[in-house]
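Undergrad: Just dropping this structure here.
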Amino acid sequence: MTHHPRAPSTAQPAAAGVLVILGASGDLTKRLLMPALLNLACDRLLPEGFAVVGMGRDELSTEEFRARLRGEIATFCTRPNVDPERWSWLESRIHYLAGEFDDGEAFARLRRRVDEVAAEVGATGNTLLYLAISPDFFALVNRQLDAAGFTRLPGAKRIIVEKPFGRDLASARALNQSLLAHWPEEEIYRIDHYLGKETVQNLLAFRLANGMFAPLWNARCIDHIQISATETVGVETRGGYYDRTGVVRDMIQNHLLQMMAYVCMELPTSLDPVAVRDAKSALLASVRRMEKGDVAEACVRGQYGAGKKADGSAAVAYSAEPAVDPQSSTETFAALRLHVDNDRFEGMPVYLRSGKSLWKRGTEIVVQFRPDTTAAAGVGLAGGAAEGNLLVFHIQPFQGVEIRMQAKRPGPMFTLQRAGMRFDYADTFDAARGTGYEVLLSSALNGDPTLFSRTDFVETAWEIVQPVLDAWAATPADDFPNYAAGTWGPRAASDLLARDGRHWHEILNRDVLARTAFFAEAPALVLNNLLPAFRPLAAEAGETIVAAGAHDDEMYFVCRGELEAIDGEGARLGVLREGEFFGEMAVLFDQPRAATVRATTPCDLLVLDGDEFRRIVNDFPAVAAEFRRIAAGRRSANGE
Ligand code: BG6
């Protein structure tokens, strides 16, 4: 058996070094890099031999630059307070010089300054060059760095590059070539900030260290995997960038494929950066390439129209956002079905989905196991035994891992109910919230490239999405906008899974449910029972949800949109709005549907199936009483 040295169990300060930030007066420095450095300084994870030298276009002295950052850090710091002593420690190590990227003299001055500062703090021989600039300047800045001798600095040196890394396969290849003309691959650190997230790194830890799941990790046991990263925000101030980009380039080509690699790759035989990155690249290489003709069947795109924000205020359509072309055919939502062509996952789909202006902010990975149709269902156990287990990786904002399972309900009957086992980071770890850049910066200082993307990974990721980009560019969407801001996304995304006999698992958290007035005050036990029982439903304007006289018995909660209740003659009995529910009477009073309910606007609903609803009513008398009170009010309002 191979013996691997044990990694230290407590964190050590990073290696001494100088961080050079090109584009230091821009947004990234104040929003992410400085807060991350401060967090590292607070946790004593920066060495005494550490300094920052920034160069930017703003004409500032070092003193002015420090004062500016001092004024901004309170806003962007991720901890409740800025520790003044730790901030001064960091601030005294920050230096600045103004310079334009086309000015060779400026780079020569930068070089002299870096040498001086490195000598002063004892950090010579370890230089990080952070390109916090638009990729349009990469080629120029690299030439200038080369001319000023940065590529020939003694000791270790690395260049850190932010996304977007190209806008398609061809431009990514060209970008790689232009970087590789100045730096060898080992010195190029391409950032994907998702790899800085604890919960993303935990995907590898989970798989490596919890052997009980290993025998199940294949298409015989797993039905499919869903990876969703949904945001409630629209494009905000980034319309100009986003309109050239779209969600496939912005999220799927990088963040979602990174997570997919961690979940689906063969486990590396060591934690050596080469082994880990080889395993990830091999996984991407085995993702089946789509032909252009496959795209219409396997991929869905969407763009948001006017709607509502999470706080209920009005949200404008994407096409009306600042700096967005009013005729834009850029997608703000996409869902893709991918396949991994290897022995382990042959035939098992992986669904990826991401979008802006959706109902919920959340990144989750759901591993849907196949149901065991021979056991519980075979012996006729009541209560949904035919469902497979779910393993849910909650990446953010809730951080944890959960197993959804079936349990015997307390009482004399031998029946089942959905239940969950949850590991919540906050219950177990006392880690302060970070930016995600802490681990990336300290790994880069230590020369550990594990969490950075290699040329082959980036290019293979582009190869995977290129057919989608090509197909969509060739045929602009004719149905945009096709989802209202603040909803679950376009209907076609549900249809994509429905065609495969599946549905998206909308992972609801308590805070999401609490936005519906009825649940705001509900006790935790009720919410814990409801969360796994709800099924989301998106309805289009004009769609009938329940028909008068029908004997079905689902109960519906209105999350977004408006519906009308109409009687047999078509007369309107009432309007149902967000936060209200309907369908309870058929269950509570065991009667056919008294009215037809039809969506008058696009609607997002949460549905409780009849059995689940009866169970909740039975188990929670106070909730049942509230339903009855509201239902009785409706009956009398309807003159019954
Ligand atoms: C960035 C995208 O890479 O990731 C943004 O450019 C997106 O559009 C962001 O909002 C999401 O990051 P996070 O960490 O909030 O999930």
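The values are calculated or read from the model by the stated rules, or taken from the named source; none is laboratory data. Fair warning: this is a prediction, and the values are worked out from it, not measured in the lab. For neighbour counting, all protein chains shown are included, and Cβ atoms are generated from backbone atoms with ideal geometry for every residue, glycine included. Protein only, heavy atoms only, side chains kept; ligands, DNA and RNA dropped before computing areas. Shrake-Rupley method; radii C 1.70, N 1.55, O 1.52, S 1.80 Å.
Undergrad: Cβ-Cβ under 8 Å, sequence separation 6+ or interchain: first residue in segment 177-201 and part of a strand (DSSP E or B), partner away from the ligand (no atom under 11 Å from the Cβ) and among the small types (Gly, Ala, Ser). Which pairs?
TA: Pairs that qualify, where the first residue is part of a strand (DSSP E or B) and the partner is away from the ligand (no atom under 11 Å from the Cβ) and among the small types (Gly, Ala, Ser), are TYR189/ALA444; ARG190/SER453.
Undergrad: Just the residues that are more than 16 Å from the ligand (Cβ to nearest atom) and among the aliphatic types (A, V, I, L, M), please, taken from segment 319-357.
TA: ALA320, ALA335, LEU336, LEU338, VAL340, MET348, VAL350
Undergrad: Continuing with the same structure: Residues of segment 247-303 being charged (D, E, K, R) and open to solvent by less than 20 Å² (accessible area, probe 1.4 Å), which ones?
TA: Residues of segment 247-303 that are charged (D, E, K, R), as a first pass: 249-250, 266, 272, 277-278, 280, 288-289, 291-292, 294, 297, 301.
Matches in segment 247-303: ASP250, LYS280.
Undergrad: Can you find a residue that is surrounded by 15 or more Cβ atoms within 10 Å (Cβ to Cβ), assigned to a loop (DSSP other than H, G, I, E, B) and touching a residue at least 40 places away in the same chain (Cβ under 8 Å) anywhere in segment 557-569? Show your work before the answer.
TA: Quick first cut of segment 557-569, residues surrounded by 15 or more Cβ atoms within 10 Å (Cβ to Cβ) only: 557-566.
Of the ones still in play, those that are also assigned to a loop (DSSP other than H, G, I, E, B) are 561-562.
Filter again for touching a residue at least 40 places away in the same chain (Cβ under 8 Å), leaving 561-562.
Checked against the condition, which is being surrounded by 15 or more Cβ atoms within 10 Å (Cβ to Cβ), assigned to a loop (DSSP other than H, G, I, E, B) and touching a residue at least 40 places away in the same chain (Cβ under 8 Å), segment 557-569 yields at least one hit.
Undergrad: Out of segment 163-189, which residues are surrounded by fewer than 18 Cβ atoms within 10 Å (Cβ to Cβ), away from the ligand (no atom under 16 Å from the Cβ) and within 17 Å of THR460 (Cβ to Cβ)?
TA: ASP168, ALA170, SER171, ARG173, ALA174, GLN177, LEU180, GLU185
Undergrad: Out of all the residues in segment 514-528, is one or more at pLDDT 95 or above, open to solvent by less than 20 Å² (accessible area, probe 1.4 Å) and under 24 Å from the mean Cα position of the chain (by Cα)? Reasoning before the result, please.
TA: So in segment 514-528, the residues at pLDDT 95 or above come out as none.
Within segment 514-528, not a single residue is at pLDDT 95 or above, open to solvent by less than 20 Å² (accessible area, probe 1.4 Å) and under 24 Å from the mean Cα position of the chain (by Cα).
Undergrad: Let me ask you something else. Just one of MET34, MET55 is assigned to a helix (DSSP H, G or I) and open to solvent by less than 10 Å² (accessible area, probe 1.4 Å); which is it?
TA: Numbers: MET55 fails: assigned to a helix (DSSP H, G or I).
Exactly one of MET34, MET55 is assigned to a helix (DSSP H, G or I) and open to solvent by less than 10 Å² (accessible area, probe 1.4 Å), namely MET34.
Undergrad: Let me ask something else. With respect to the numbered conditions (1) more than 26 Å from ALA407 (Cβ to Cβ); (2) under 22 Å from the mean Cα position of the chain (by Cα), which one is the sole condition not fulfilled by HIS503?
TA: In the conditions (1) more than 26 Å from ALA407 (Cβ to Cβ); (2) under 22 Å from the mean Cα position of the chain (by Cα), HIS503 misses (1) alone.
Undergrad: Still on this structure, please answer the following. So, of the residues in segment 210-246 that are open to solvent by less than 50 Å² (accessible area, probe 1.4 Å), closer than 21 Å to ALA279 by Cβ and among the aliphatic types (A, V, I, L, M), which turns out to be nearest to the ligand (Cβ to nearest atom)?
TA: Among them, the one singled out is ILE227.
Undergrad: Which one of THR428, THR487, THR460 is modelled with pLDDT of 90 or more and either in contact with a Phe, Trp or Tyr (Cβ under 9 Å, 6 or more places away or on another chain) or surrounded by fewer than 21 Cβ atoms within 10 Å (Cβ to Cβ) (or both)?
TA: Numbers: THR487 fails: modelled with pLDDT of 90 or more; THR460 fails: either in contact with a Phe, Trp or Tyr (Cβ under 9 Å, 6 or more places away or on another chain) or surrounded by fewer than 21 Cβ atoms within 10 Å (Cβ to Cβ) (or both).
Answer to the check: THR428.
Undergrad: Keeping to segment 102-136, report how many residues are under 30 Å from TYR241 (Cα atoms), open to solvent by less than 60 Å² (accessible area, probe 1.4 Å) and in contact with a Leu (Cβ under 8 Å, 6 or more places away or on another chain).
TA: Residues of segment 102-136 that are under 30 Å from TYR241 (Cα atoms), as a first pass: 102-104, 106-107, 110, 128-136.
Add one more test, that the residue is open to solvent by less than 60 Å² (accessible area, probe 1.4 Å), and what stays is 103-104, 106-107, 110, 128-135.
The next check asks that each one be in contact with a Leu (Cβ under 8 Å, 6 or more places away or on another chain); those that pass are 106-107, 110, 128-133, 135.
Here the count works out to 10.
Undergrad: Just give me the residues in segment 259-286 being free of Cβ contacts under 8 Å to residues at least 24 places away in the same chain and more than 27 Å from SER354 (Cβ to Cβ), in sequence order.
TA: ASP272, VAL274, ALA275
Undergrad: Then there is this: Take GLY574 and decide whether it is outside any strand (DSSP E or B) and either surrounded by fewer than 17 Cβ atoms within 10 Å (Cβ to Cβ) or modelled with pLDDT of 90 or more (or both). So that I can check it myself, show each step before the final result.
TA: Numbers: outside any strand (DSSP E or B): no; either surrounded by fewer than 17 Cβ atoms within 10 Å (Cβ to Cβ) or modelled with pLDDT of 90 or more (or both): yes.
Criteria not met by GLY574.
Undergrad: Moving to a separate point now. State whether one or more residues within segment 137-148 are open to solvent by 20 Å² or more (accessible area, probe 1.4 Å), assigned to a strand (DSSP E or B) and either in contact with a strand residue (DSSP E or B) (Cβ under 8 Å, 6 or more places away or on another chain) or hydrophobic (A, V, I, L, M, F, W, C) (or both).
TA: The answer is no, given that none of the residues of segment 137-148 is open to solvent by 20 Å² or more (accessible area, probe 1.4 Å), assigned to a strand (DSSP E or B) and either in contact with a strand residue (DSSP E or B) (Cβ under 8 Å, 6 or more places away or on another chain) or hydrophobic (A, V, I, L, M, F, W, C) (or both).
Undergrad: Identify all residues within segment 111-137 that are under 30 Å from PRO164 (Cβ atoms) and hydroxyl-bearing (Ser, Thr, Tyr); write none if there are none.
TA: So the first thing to find is which residues in segment 111-137 are under 30 Å from PRO164 (Cβ atoms), and the list is 111, 113-114, 126-137.
Within segment 111-137, THR127, TYR130, SER134 qualify.
Undergrad: Moving on to the next point. For segment 431-453, how many residues are in a loop (DSSP other than H, G, I, E, B) and either modelled with pLDDT of 90 or more or open to solvent by less than 50 Å² (accessible area, probe 1.4 Å) (or both)?
TA: Looking only at segment 431-453, we keep the residues that are in a loop (DSSP other than H, G, I, E, B), and these are 431-436, 446-452.
Narrowing the set further to residues that are either modelled with pLDDT of 90 or more or open to solvent by less than 50 Å² (accessible area, probe 1.4 Å) (or both) leaves 434-436, 446-452.
Total meeting the criteria: 10.
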